[in-house]
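Engineer: One structure follows; several queries about it will come next.
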Amino acid sequence: MAQQSRDTFIGEILVEKGVVEAEQMNELLAERAEKGGALVEHLLQSDVIEENKLWSVVADEMDLGFIEKIVVGEIETALIDNIPISFAKSNRVLPLDETPEGIRVACANPFEFGALDAVQAIIGRPVVPVVVPGDAILDAINEVYDRQSGDDELGESKGAEEEELTDLIDVEDEAPIIRWVNSLFFEAVKRRASDIHIEAMEREVVVRYRVDGVLHEAKRAQKAFISSIISRVKILAKLNIAEKRLPQDGRIALKIAGKSIDVRVSTIPTSQGERVVMRLLDKQSVLHDVSDLGFWPDHYHLFHGLIRRPHGIILVTGPTGSGKTTTLYAGLQQINQPDKNILTIEDPVEYDIEGISQVHVQAKIDLTFSAGLRAFLRQDPDVIMVGEIRDRETAEIAIHASLTGHLVLSTIHTNDAPGALTRLVEMEIEPFLVSSSIIGIQAQRLVRVLCPHCKELYEPSRDQLVELGITAADPYQPPPAPSSTVYRAGWSKLKPIDRLQPQSISLFRAVGCDECMGTGYHGRTGVYEMVMITDEIRNNVLRNADSNTIKRLARQEGMVSLREDGARKVLTGETTIEEVLRVTHEEAGAEG
């Protein structure tokens with residue numbers, strides 16, 4: 001019911017019942033039209049009617065119950081377990097007890113249907129509104145929540161310890177919405193999903209899972225349930241249920257089948273209703289060793305050497321979702337020793353690493369990447385990780401840190417590794433500072449790994465091989481040994497089988513089976529491109545050379561491109577031509 005309609009309804013009732021004179025009501029309606037706000041506010045401020053009398057008349061007309069004071073001792077406290085006190089106070093609602101018709105809920109304004117709907121979604125049962133003056137509800141809220149808090153102190157602590165989380169598999173709840181939302185998490189973990197998308201369409205609610213980097217539709221529900229579904233997720237994430245006009249962010253700690261799952265929740269309003277995306281982070285399987293990232297032996301040797309340098313900047317570049325943070329974490333884990341002081345500033349801190357001090361960016365209090373990085377320099381660090389270099393100030397402080405004897409690891413958004421050098425120059429960083437501080441740049445992408453249970457051999461066409469960069473099918477040979485001593489050291493680590501493939505080429509393709517849920521893929525691995533800052537590249541940066549020039553020079557010295565690294569993984573049966581072409585599409589025009 002729109003505000004104007006509500007005011008007209010209330011005004012007509014009060015005049016009809018003889019509680020307020022028609023002339024007084026006309027004056028109040030005129031005042032409301034001039035100053036704005038609800039008629040109820042103007043009625044109470046003008047002392048024309050007492051609040052108790054006002055709501056008793058309205059409740060009677062709406063065939064609702066009315067009580068002047070709540071007896072706190074009669075409230076069933078189990079009903080408020082999942083209702084935050086901030087929500088109860090701001091909306092002035094409080095569940096009282098259970099009746100055959102549903103849960104009786106005290107409300108100060110029976111026209112606030114959104115708040116009542118939210119309570120119904122939280123509890124999972126029908127609600128029966130009972131009108132109670134606002135002050136009486138606030139007094140009851142304070143008393144009942146204080147009492148509940150005192151009970152908690154006498155019993156076990158309800159802290160957020162992982163061991164105390166209830167496994168969702170053990171939860172038995174009859175509320176359909178709660179069961180439905182819980183099933184989303186069960187299925188997501190079962191499918192190895194990294195994200196859950198809940199979005200309202202014109203007639204339905206659609207749920208999609210991102211598995212191995214690709215979205216798949218998983219579930220549908222009637223559009224009428226979208227509000228209850230979103231409210232349930234918001235309650236779990238401790239978000240404001242009543243706020244539907246602004247984006248919100250929160251977190252949920254879950255335990256599913258013995259696994260501790262950290263869920264990052266993001267909501268945004270859309271024309272069809274609110275949309276939710278949840279990122280699932282499995283705390284047990286996050287921290288990889290460098291050897292598990294899918295490096296070819298030459299790339300592994302180069303990266304392994306970089307992270308053991310005493311100072312300089314190492315940059316990892318690639319689009320969102322390309323595994324940059326995982327690579328940086330793996331590098332930090334490799335060098336995480338008691339004799340090193342390692343500090344990180346991230347947005348957000350995705351995983352806690354023992355032995356490393358991690359700081360969460362908080363823009364609201366001006367704790368930015370640059371501010372945190374500046375503070376780190378007074379903390380006697382050996383190694384610093386910056387989540388992302390986004391601006392000139394952060395870049396300048398990172399460069400200063402590297403030139404004063406610190407190893408700095410960070411990410412930057414460019415399509416390839418050589419482009420990171422020119423990106424820094426575009427940030428108005430002096431070329432001589434860029435060339436003297438950067439020691440290595442790695443670009444990366446993630447490709448899906450073929451399911452070992454159903455992949456099958458086939459003979460690729462010549463056109464497919466050419467598109468992948470394999471110009472002759474009989475035989476295939478990778479680029480010649482690099483000219484640069486820096487790259488040659490890594491090349492020497494390759495085995496003969498890595499350098500030369502058999503005369504005839506047979507590749508594997510995706511099929512699909514029950515093990516991979518019909519996708520043909522299971523898991524992901526990385527493809528990499530590493531630019532080592534040699535003297536020749538350093539000189540070209542000083543001359544303000546463009547990224548294509550630097551890329552050609554790096555290729556001459558021995559850099560293996562993203563597509564070439566992908567080709568190696570296709571030839572060994574790890575992935576498919578289609579996957580490599582999908583993630584290295586932007587190289588097509590640059591490779592010529």
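Engineer: Hey, residue 25 hits all of (1) open to solvent by less than 30 Å² (accessible area, probe 1.4 Å); (2) modelled with pLDDT under 75; (3) farther than 21 Å from residue 134 by Cβ but one; which does it fall short on?
Structural biologist: Condition (2) is where residue 25 drops out.
Engineer: Residues of the stretch 412-424 being open to solvent by 10 Å² or more (accessible area, probe 1.4 Å) and assigned to a strand (DSSP E or B), which ones?
Structural biologist: Once the filter is applied, which keeps residues that are open to solvent by 10 Å² or more (accessible area, probe 1.4 Å) and assigned to a strand (DSSP E or B), the stretch 412-424 yields nothing.
Engineer: Considering only residues that are open to solvent by 10 Å² or more (accessible area, probe 1.4 Å) and either at pLDDT 95 or above or in contact with a strand residue (DSSP E or B) (Cβ under 8 Å, 6 or more places away or on another chain) (or both), look in the stretch 296-313 and name the one that is nearest to residue 446 (Cα to Cα).
Structural biologist: Applying the filter and picking the extreme gives 296.
Engineer: Something else about it: Is it true that some residue in the stretch 216-235 is out of contact with any Asp or Glu (no Cβ under 8 Å at 6 or more places or on another chain), in contact (Cβ under 8 Å) with a residue 40 or more places away in the chain and on the phi > 0 side of the Ramachandran plot?
Structural biologist: no
Engineer: In addition: Of all residues in the stretch 425-467, which are of a type in the set (Val, Ile, Thr) and either farther than 30 Å from residue 210 by Cβ or in a loop (DSSP other than H, G, I, E, B) (or both)? It would help to see each step written out before you state the result.
Structural biologist: Within the stretch 425-467, the subset of a type in the set (Val, Ile, Thr) is 425, 429, 434, 438-439, 441, 447, 449, 466.
Answer for the stretch 425-467, where residues must be of a type in the set (Val, Ile, Thr) and either farther than 30 Å from residue 210 by Cβ or in a loop (DSSP other than H, G, I, E, B) (or both): 425, 429, 434, 438, 439, 466.
Engineer: Taking the stated definitions as given, is residue 93 in contact with a Cys (Cβ under 7 Å, 6 or more places away or on another chain) and not hydroxyl-bearing (Ser, Thr, Tyr)?
Structural biologist: It is true that residue 93 is in contact with a Cys (Cβ under 7 Å, 6 or more places away or on another chain) and not hydroxyl-bearing (Ser, Thr, Tyr).
Engineer: Being touching a helix residue (DSSP H, G or I) at 6+ places or on another chain (Cβ under 8 Å), open to solvent by less than 40 Å² (accessible area, probe 1.4 Å) and not in a helix (DSSP H, G or I) is true for just one of 316, 349, 359. Which residue is that?
Structural biologist: Details: 349 fails: touching a helix residue (DSSP H, G or I) at 6+ places or on another chain (Cβ under 8 Å); 359 fails: open to solvent by less than 40 Å² (accessible area, probe 1.4 Å).
The unique qualifying residue is 316.
Engineer: Provide a single number: the residues in the stretch 248-276 that are under 14 Å from residue 233 (Cα atoms) and open to solvent by 40 Å² or more (accessible area, probe 1.4 Å).
Structural biologist: Looking only at that region, the number is 6.
Engineer: Could I ask something else about it? Would you check if residue 113 is within 30 Å of residue 176 (Cβ to Cβ) and out of contact with any Ser or Thr (no Cβ under 7 Å at 6 or more places or on another chain)?
Structural biologist: Values: within 30 Å of residue 176 (Cβ to Cβ): yes; out of contact with any Ser or Thr (no Cβ under 7 Å at 6 or more places or on another chain): yes.
Considered against the rule, which asks whether it is within 30 Å of residue 176 (Cβ to Cβ) and out of contact with any Ser or Thr (no Cβ under 7 Å at 6 or more places or on another chain), residue 113 comes out as yes.
Residues checked against (1) farther than 29 Å from residue 301 by Cα; (2) surrounded by fewer than 20 Cβ atoms within 10 Å (Cβ to Cβ); (3) within 32 Å of the chain's Cα centre (by Cα); (4) not aromatic (Phe, Trp, Tyr):
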{"position": "514", "(1), (2), (3), (4)": "yes, yes, yes, yes"}
{"position": "527", "(1), (2), (3), (4)": "no, no, yes, yes"}
{"position": "530", "(1), (2), (3), (4)": "no, no, yes, yes"}
{"position": "533", "(1), (2), (3), (4)": "no, no, no, yes"}
{"position": "536", "(1), (2), (3), (4)": "no, yes, no, yes"}
{"position": "539", "(1), (2), (3), (4)": "no, yes, no, yes"}
{"position": "542", "(1), (2), (3), (4)": "no, yes, no, yes"}
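Engineer: Let me ask something else. Picking from 127, 132, which residue would you name as being modelled with pLDDT of 85 or more and within 24 Å of residue 237 (Cα to Cα)?
Structural biologist: On the way: 132 fails: within 24 Å of residue 237 (Cα to Cα).
None of the others qualify; the one that does is 127.
Engineer: To continue, here is another question. Let me spell it out: the conditions are (1) surrounded by 23 or more Cβ atoms within 10 Å (Cβ to Cβ); (2) among the hydrophobic types (A, V, I, L, M, F, W, C); (3) not in a strand (DSSP E or B), and residue 399 meets all of them except one. Which number is the exception?
Structural biologist: Of the numbered conditions (1) surrounded by 23 or more Cβ atoms within 10 Å (Cβ to Cβ); (2) among the hydrophobic types (A, V, I, L, M, F, W, C); (3) not in a strand (DSSP E or B), the odd one out for residue 399 is (1).
Engineer: Look at the stretch 564-592 and say how many of its residues are in a helix (DSSP H, G or I), open to solvent by less than 60 Å² (accessible area, probe 1.4 Å) and either at pLDDT below 90 or of a type in the set (A, V, I, L, M, F, W, C) (or both).
Structural biologist: 10
Engineer: Every residue in the stretch 186-206 that is in contact (Cβ under 8 Å) with a residue 60 or more places away in the chain and part of a strand (DSSP E or B), please.
Structural biologist: Across the stretch 186-206, the qualifying residues are 193, 194, 195, 196, 197, 198, 199, 200.
Engineer: Which of the residues belonging to the stretch 369-396 are open to solvent by 50 Å² or more (accessible area, probe 1.4 Å) and without any contact (Cβ under 8 Å) to a residue 12 or more places away in the chain?
Structural biologist: 378
Engineer: I've got another one for you. Of all residues in the stretch 245-257, count the ones that are part of a loop (DSSP other than H, G, I, E, B), modelled with pLDDT under 90 and not aliphatic (A, V, I, L, M).
Structural biologist: Final tally of qualifying residues: 1.
Engineer: Something else now. Scan the stretch 207-244 for residues that are open to solvent by less than 30 Å² (accessible area, probe 1.4 Å), closer than 25 Å to residue 446 by Cβ and part of a strand (DSSP E or B) and jot them down.
Structural biologist: 207, 209, 211, listed by residue number.
Engineer: Being exposed (fewer than 14 other Cβ atoms within 10 Å of the Cβ), closer than 30 Å to residue 535 by Cβ and at pLDDT below 85, is that true of even one residue in the stretch 451-471?
Structural biologist: no
Engineer: Limited to the stretch 312-358, what total is found for residues that are within 24 Å of residue 417 (Cα to Cα) and among the aromatic types (Phe, Trp, Tyr)?
Structural biologist: 1
Engineer: With respect to residue 116, determine if the residue is of a type in the set (A, V, I, L, M, F, W, C), closer than 18 Å to residue 64 by Cβ and open to solvent by less than 40 Å² (accessible area, probe 1.4 Å). Before you say what the answer is, go through the steps one by one.
Structural biologist: On the way: of a type in the set (A, V, I, L, M, F, W, C): yes; closer than 18 Å to residue 64 by Cβ: yes; open to solvent by less than 40 Å² (accessible area, probe 1.4 Å): yes.
Taking the combined requirement at face value, the residue satisfies it.
Engineer: Give me the helices (runs of 4 or more DSSP H) completely within the stretch 36-107, filtered to those with at least 2 residues that are closer than 30 Å to residue 235 by Cα, among the hydrophobic types (A, V, I, L, M, F, W, C) and open to solvent by less than 40 Å² (accessible area, probe 1.4 Å), ordered by residue number.
Structural biologist: Result: 51-61, 85-91.
The values are calculated or read from the model by the stated rules, or taken from the named source; none is laboratory data. The structure presented is a predicted model; accordingly, all values stated were derived computationally and were not measured. When we count neighbours, we look across all protein chains shown, and the Cβ atoms used for this are built from the backbone with ideal geometry, even at glycine. Each accessible area value is taken on the protein alone, full model and side chains, heavy atoms only, with ligands, DNA and RNA left out. Shrake-Rupley method; radii C 1.70, N 1.55, O 1.52, S 1.80 Å.
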